[in-house]
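Notes follow the structure.
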């Protein structure tokens, strides 16, 4: 499991009122080498659900495809979206069944059903439902920002700014995290949507953060 913790990434998910905001950096590394400056680490897996990845890219992408397929199948068969606790349990069970030959990943699953959720899921299938969570090598820096500034009933605009700030701070101290930010909102009415890159850059400038 130590290799997962050393994997270069910063991901974060927070709840704010009925909203969920998720974000990641976009740097992929192989040891000290930056292998990709625009790697996707934030995925939509259902109408009202998203997932961030940290760890081995191949393992993580397979799990994203599994979750997309399972959640779509559930919706088609039952005419409703899969509840978030069921989605987290499904993913946890998949990981636990492979714990002796584990998927080397740390994952966040977030979304809205009757209320907002953020689940942090480790490589052995451990799952924790919380108001905010972070994974990857940059997570200690993210938690420092969240512990100081997070409020449960933040306005959506302030919550987005907090996610942008926490990842930006991580990028300044964690050499394995960097480049652009990917941010998405899960709205109880609109569902999952990505923030345009221009808006993210505008918020970074407004907050006087370093790119």
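The numbers here are math on the coordinates, done by the rules we state, and not lab data. Please read these numbers as outputs of a predicted model, since none were measured by experiment. As a convention, Cβ positions derive from the backbone with ideal geometry for all residues, glycine included, and neighbour counts pool all protein chains shown.
Below is a table of values for the structure above.
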{"item": "Packing-based exposure ordering (other Cβ within 10 Å, fewest first) of 114, 41, 208", "result": "208, 114, 41"}
{"item": "The chain, relative contact order in percent, only Cα pairs under 8 angstrom and at least six apart counted", "result": "31"}
{"item": "25 °C / 0.890 mPa s Stokes-Einstein diffusion coefficient of the chain, Kirkwood radius on C-alpha pairs, µm²/s", "result": "146"}
{"item": "Cα centroid separation - the stretch 97-122 against the stretch 135-158, whole Å", "result": "19"}
